[in-house]
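Only the coordinates and a few stated rules stand behind these numbers; no lab work does. The shown structure was predicted, so the numbers you read here are calculated from the model rather than taken from an experiment. Here the Cβ positions follow ideal geometry from the backbone for every residue, glycine too, while neighbour counts run over all protein chains shown.
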Amino acid sequence: MRFSEFGLTTLKEVPADAEIVSHKLMLRAGLIRRLASGLFTWMPLGLRVLRRVEAVVREEMDRAGALELLMPAVQPAELWQESGRWDKYGPLLLRMQDRHARDYCFGPTHEEVITDVARKELRSYKQLPINYYQIQTKFRDEIRPRFGVMRSREFIMKDAYSFDADQSGLDASYARMHTAYTAIFERLGLEFRVVDADSGEIGGSRSQEFHVLADSGEDAIAYSDADDYASNIESAATTPTASGYPEPSSELEKLATPGVKTIEALCKFLDIEPKQTLKTLIVEGSDGPVALLLRGDHELNSVKAQKIPGVASPLTLASPEAVVKVTGCGPGFVGPIGMDIPTFYDHATVGMSDFVCGGMEKNMHYVGINFGRDLPTPQTVDIRNVIEGDPTPGGKGRLSITRGIEVGHIFQLGTKYSEAMGATVQNPDGQNQVMAMGCYGIGITRIVGAAIEQNHDDAGIIWPAPLAPFDVVLVPINMHRSDEVKDAAEILYLELKAAGHEVLLDDRDVRPGVKFADAELIGIPHRLVISERGLAAGQLEYRYRRDSESRNLDREEALKQL
Ligand code: ATP
Ligand code: MG
């Protein structure tokens, strides 16, 4: 490709609305342009990268024996009513009507459509196992689109769906996808980790996520220092670490704490640690508000909390008015003593003694509280996030926390959809049998952003070779004034193309500095500079994007670097 014919516009200024480096660089390098919130155009340069991601994904899916198909993006409401998700999916689902006022949605995922395909196409166990996949546009009306293509509303997903006669077949299909995903992310040159995950809206039992490790990742990942346990914090389990309660060593007392509404202010006021406090959160429940109680230094895990029977899902904090109504005091002073709504204590409250909590009265707190004496000893549940240093569920080691970007997710759905929608095959005994399903997603567009988060420097993007839009950029110096340089550049361009390289020839009549800056910004792995002086010595200047220095090499030697 000749730069002069490529229509690429790079930007010097950092776009104001871009928060993280990949989003900034994707805009600056001209990979994407924003249309509206969460909607992006993939410009020619960006599309080349996207196609390379797709190609790797497609190859590995094919290798794993999956069959590519293409389902409609627009889906009739009836299918979603059959599965029960029309009402459950909530505002992420973009709903619309056709001219006959019939309801549709723009697919955020395709379990319903593929189950409909399967119940019509698959009749006999002999057709199983089968795994269908597509690479297609999805729409999710995200509450907070951000980070460019990493959390957009319209995005491209590779989604695959396996059908098996039974659980052991599903286990094998799932394992094949685990292997294929590992191969995909290895081939893409990304540093990643596989973690246990929550199944979220899609449902089902076993699920694992593939995360590209990056500080800007939206997900926190807990992993063990002693074994291969790793889990998204959303689903990383905690267990009680203490078994009993120490004897009380202080009296229960109600103290005036004027204006002290936060744990931080309380600790400062009383000169104590957050772990000596108990915090009370009032959330909505199916029969009115519910209280969730945690140690002051712990964070509520909403994914776990919303699974507790009686707690509203999605988890919703009660309004300040509702809090006043059920507790008689405003937020900041709520506590368990005198509370008469359902209460759930986190496991880590076991073993707490002589602690502090809200006084159930404005500007008041209790100090010296003890279970057994001032409060009944509670049954506890797991409702907090794990933290650095927590024991692993296996008990062998300690947890560390890192951050990741979810680029892939594999699920065992079991019979959730096939049961609801009647997807059965005939088994060897001639009986109808509900099929076991798995589903497997990869965020094709998100991968591009995630790859940049992991591979960049101050000058711009550093593409892992398999993702690079071009393999090599040719930078002729003064090409428009030197026929010698021009001819050498043109010959090299054709020669490299003929050898199968994707080549960008920077034939623009601009200063060399501009060409160098753009080549670095767009992250082409190999750069060859062609100058009169070099040609006189039979040399080209070669630079690998990850190296800080360039080297003058004989022409043959330089070409070998590619
Ligand atoms: P997240 O937790 O990030 O919202 P999810 O768990 O809801 O994602 P899945 O239903 O597992 O997403 O979808 C499969 C894959 O699609 C994800 O692993 C992710 O890579 C990608 N993906 C999901 N939502 C988005 C989005 N809003 N923008 C870009 N990619 C997305
Ligand atoms: Mg997911």
request  = Return the Rg/Rh value of region 415-499, two decimal places, where both radii are evaluated on C-alpha atoms and Rh is the Kirkwood radius.
outcome  = 1.44
remark   = For region 242-256, in residue order, the Karplus 3J(HN,Hα) values (coefficients 6.51, -1.76, 1.60; θ = phi - 60°; whole Hz; Gly and Pro = x) are 9, 10, x, 10, x, 4, x, 10, 9, 7, 6, 9, 10, 10, 6
request  = Would you mind ranking CYS357, CYS439 by Cβ crowding within 10 Å, fewest neighbours first?
outcome  = CYS357, CYS439
inquiry  = Output wanted: per-residue J couplings in Hz (rounded whole) for region 497-504, from phi through Karplus 6.51 cos²θ - 1.76 cosθ + 1.60, θ = phi - 60°, x for Gly and Pro.
reply    = 4, 5, 7, x, 7, 8, 10, 10
key: Cα pair distances exceeding 21 angstrom across region 198-296, given as percent   = 63 percent
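Using 1/(1 + (r/R0)^6) with R0 = 25 angstrom and r between the beta carbons of ARG34 and ASP219, what's the FRET efficiency to the nearest 0.05?
Values: r = 24 Å, r/R0 = 0.97.
My answer for the efficiency is 0.55.
Rg(Cα) of region 61-216 divided by 2.2 N^0.38 Å? Write out the running numbers ahead of the final one.
Numbers: Rg = 16.8 Å, N = 156, 2.2 N^0.38 = 15.0 Å.
This ratio for region 61-216 stands at 1.12.
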request  = At q = 0.27, 0.31 Å⁻¹, what is the base-10 log of I(q)/I(0) for region 359-412 according to the Debye formula with one equal point scatterer per Cα and no solvent? Please give it to two decimals.
outcome  = -1.09, -1.11
inquiry  = Under a Cβ-only charge scheme (Lys and Arg +1, Asp and Glu -1), can you give me the dipole magnitude of region 371-510 about the Cα centre, in debye to the nearest 20?
reply    = 960 debye
note = Cα pairs beyond 13 Å in region 276-317, in percent, come to 48 percent
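Only Lys, Arg, Asp and Glu count, each charged at its Cβ (+1, +1, -1, -1), so figure out the dipole size of the chain about its Cα centre, rounded to 20 debye. It would help to have the intermediate numbers written out before the result.
Numbers: 62 positive and 82 negative charges, 202 e Å.
With only Lys, Arg, Asp and Glu charged at Cβ, the dipole is about 980 debye.
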inquiry  = Can you give me the long-range amide H partners of ASP390? Hydrogens built in the peptide plane at 1.01 Å from N, cutoff under 5 Å, separation of 5 or more residues or another chain.
reply    = LEU399
task = Determine the alpha carbon to alpha carbon distance for each of LYS24/LYS275; LYS24/LYS304; LYS138/LYS307 and list only those over 29 Å.
result = LYS24/LYS275; LYS24/LYS304
request  = Return one number: the angle in degrees, 0 to 90 and rounded to the nearest 10, between the long axis of the Cα atoms of helix 167-187 and the longest principal axis of the Cα atoms of the chain.
outcome  = 50 degrees
request  = Collect residues whose amide H, placed 1.01 Å from N in the peptide plane, falls under 5 Å from the amide H of VAL381; neighbours closer than 5 in sequence don't count.
outcome  = TYR345, ASP346, HIS347
note = Checked region 10-91 against the a/c 1.5 cut and the a/b vs b/c comparison, axes a ≥ b ≥ c from its Cα gyration tensor; verdict oblate
task = For GLY359, enumerate residues with amide H under 5 Å from its amide H, sequence gap 5+ or separate chain, H modeled in the peptide plane.
result = MET364, HIS365, TYR366
ask   = Suppose every K and R has +1 on its Cβ and every D and E has -1 on its Cβ; what is the size of the dipole of region 133-193 about the Cα centre, in Debye to the nearest 20?
value = 400 debye
task = Find how many whole Å separate the alpha carbon centroid of region 8-27 from the alpha carbon centroid of region 153-188.
result = 33 Å
request  = Express as a percent, rounded to the nearest 5, the fraction of DSSP beta bridges in the chain (both residues included) that run antiparallel.
outcome  = 80 percent
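Report the full-extension gain for the segment GLN167 to GLN97: residue separation times 0.36 nm, less the Cα-Cα distance, to one decimal in nm.
Numbers: separation 70, 0.36 × 70 = 25.20 nm, distance 3.83 nm.
Gain in length upon complete extension: 21.4 nm.
Can you give the FRET efficiency for ARG206 and THR10, using 1/(1 + (r/R0)^6), R0 = 60 Å, r = Cβ-Cβ distance, to the nearest 0.05?
0.85
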note = Relative to the chain, whose Cα atoms define the longest principal axis, helix 111-121 and its Cα axis are tilted in degrees, nearest 10, by 70 degrees
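What ranking of MET157, MET1 emerges when the number of other C-beta atoms within 10 Å of each C-beta is taken as an exposure proxy, fewest first?
Numbers: MET157 23, MET1 18.
Ranked by crowding around the Cβ, least crowded first: MET1, MET157.
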request  = Taking 7 Å along the Cα-to-C-beta vector as the label spot, tell me the THR262-ALA499 distance in nanometres, rounded to one decimal.
outcome  = 6.0 nm
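Under the √(5λ) rule applied to the eigenvalues of the Cα gyration tensor, what semi-axes describe the equivalent ellipsoid of the chain? Give them in Å, descending. List each step's numbers first, then the result.
Working: eigenvalues 535, 220, 95 Å².
Those come to 52, 33, 22 Å.
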remark   = HN-Hα couplings for region 292-298 via Karplus (6.51, -1.76, 1.60; θ = phi - 60°), in whole Hz with x for Gly/Pro, come out as 10, 10, 9, 5, x, 8, 9
message = With angles folded into 0 to 90 degrees, how steeply does helix 444-454 sit against the dominant principal axis of the chain? Use alpha carbons for both and round to 10.
response = 90 degrees
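By count of other Cβ within 10 Å, fewest leading, how are GLU142, GLU191 ordered? Numbers along the way, then the final one.
Working: GLU142 17, GLU191 14.
Fewest-to-most Cβ neighbours within 10 Å comes out as GLU191, GLU142.
Rounded to two decimal places and with Rh computed the Kirkwood way over Cα pairs, what is Rg over Rh for region 166-231?
Numbers: Rg = 13.2 Å, Rh = 13.4 Å.
Taking Rg over the Kirkwood Rh, I get 0.99.
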query = In whole Å, what is the distance between the alpha-carbon centres of region 451-474 and region 206-275?
reply = 39 Å
task = Take the alpha-carbon centre of region 46-95, take the same for region 296-363, and report the distance between them in whole Å.
result = 40 Å
message = Nearest 500 deg cm²/dmol is fine: what mean residue ellipticity at 222 nm does the chain get from its DSSP H runs of n ≥ 4 alone, each adding -39,500 (n - 2.57), divided by its residue count?
response = -7500 deg cm²/dmol
query = At q = 0.11, 0.13, 0.19 Å⁻¹, what base-10 log of I(q)/I(0) does the Debye formula yield for region 489-558 when every alpha carbon is treated as an equal point scatterer in vacuo?
reply = -0.26, -0.37, -0.83
inquiry  = So if I restrict to the alpha-carbon atoms in region 99-189, what is the Rg, and what is Dmax, the biggest pairwise distance, in Å?
reply    = 16.6, 49
key: Dipole of region 38-84, positive end: most advanced residue of ALA55, GLN75, MET43 [Cβ charges, Cα centre]   = MET43
ask   = Based only on Cα atoms, what Rg/Rh ratio does region 279-420 have, Rh being taken as Kirkwood's radius?
value = 1.04
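For GLU59 and LYS254, compute 0.36 nm times the residue count separating them, minus their Cα-Cα distance, and round to one decimal in nm.
Details: separation 195, 0.36 × 195 = 70.20 nm, distance 6.76 nm.
This chain segment gains 63.4 nm when fully extended.
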